[in-house]
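Just below is one structure, and these are the notes that go with it.
Nothing in this text is a laboratory measurement; each read-out follows from the coordinates by a stated rule. Keep in mind that this is a model prediction, so the values were computed, not measured. In this analysis, Cβ positions are derived from the backbone assuming ideal geometry, glycine residues included, and neighbour counts consider all displayed protein chains.
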Amino acid sequence: MRDYLLTLCITAAVTYLLTGPVRKFAIAAGAMPEIRARDVHREPTPRLGGIAMFFGLCAGLLVADHLDRLNSVFALSNEPRALLSGAALIWLIGVLDDKFEIDALIKLGGQMIAAGVMVMQGLTILWLPIPGVGMVGLTQWQGTLLTVALVVLTINAVNFVDGLDGLAAGMVCIASAAFFLYAYRLWFGYGIEAAAPATLFAAVLMGMCLGFLPHNMHPARIFMGDSGSMLIGLVLAASAISITGQVDLDTLKIFEGSTRQATHAALPVFIPLLLPLTIIAIPMADLVLAIVRRTWNGQSPFAADRGHLHHRLLEIGHSHSRAVWIMYFWSALIAFGTLTYSVHSASMWIMLPIVALSAVGLVLLLLPRFQPRAPRWAESFVPPRYRRRKIAPQAAEEALAAARAGTGPEGAAAAQAGEAGERPRVPAGVNGATAIGARSHLPERRKAGTPS
């Protein structure tokens, strides 16, 4: 564990220290695209943050190669070199896209080529565990197609969710943390050496995200761009492929006894094998919904819009930061809930806190719809957004006169607020839950689902 933590810290430190110079380079290189209709940020922000993340990946693998307990991963397996080859290719494609905006089909072809490079070097799915049957071997073509499909889906799911400051890096960090614990348990607890590469990949991925997050949290000073989102998506997919299709679960002796007993005993093991899919369940759902929505509207599946899940959170009234933390919450609940069930599946008490936390998540999700206002005596204990803001009497009279001159539900609400001596409230769609006034100098935002 100490060597993995050292690798994680080195990766995070290199990524963090390089992000500042990379930001200056991106500004000098002109990698600051104009604000688009689907964007949430207000000012042009440099991209190319994936450059720092890639060098953090290289530094982490280099340090691990010189550690006594981890260099066996490089000696006994070709997977680290396969990962580095595919990561270099996908990173180069992302850098070109951040600078020149290459076509979506070209990026898709590059993703498939990067996955094929990893397959050619041995990072591929060799077999699949089937409950009640055991390990089912795959042909070369079956393993290649399944590996490429998993890599492309994971890359695009992470890329789709990269729409708010710190969202993609934080969600992938949570995913890699849960996956690291599962892979380390297989490697250290059961003595399965084939799980060591996946454990190393997850530790390095955590370091990449943790080192980049301080620069990317709202308000972000730099974006990771496609060079970063596609890179961390590929590393996450490589971890899943390494442990799902390479580790022989027959060594756990879970397929002994009758078919029913073996299936029940193997259930906790089969569930975490789907962990990479559960931890990107939210991005994957966003990907599927986007494809269906755009196709239904007669658009290309690759056409950009403002209908993603994080855009929906902003539209119902969440602030930027709160929308990000809600996505973090659900990602952690799904990932660590699955991990906990895999360890203590015999106890149904595990489901109670998961259900309770899900209820809490739903309340937080729908909080802007409730529009709560704290009583007078409790205003000093709640955030400012839940307080009744007082305004000067003259300003109240002016607001009341302006409200009476208007029509519609906004005018009636403003008039009611003026009579009560409160500041007229702005609709949540203007600027989220923290809006205190209209921003007329900004371009009008389209509703989710409408063409950009």
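Data table
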{"read-out": "Pair-distance profile P(r), taking every C-alpha pair of the stretch 173-251, with 5 angstrom steps and integer %", "value": "3, 16, 25, 21, 14, 9, 6, 4, 2, 0"}
{"read-out": "Efficiency of FRET between residue 285 and residue 3 - r from beta-carbon atoms, R0 60 angstrom, step 0.05", "value": "0.95"}
{"read-out": "Global form of the stretch 80-212, assessed from the alpha-carbon gyration tensor, a/c cut-off 1.5", "value": "oblate"}
{"read-out": "Chain lengthening between residue 136 and residue 17 when straightened (0.36 nm per residue, less Cα-Cα)", "value": "38.3 nm"}
{"read-out": "For residue 3, net neighbour charge (Lys/Arg +1, Asp/Glu -1) across residues whose Cβ lies under 11 Å away", "value": "+1"}
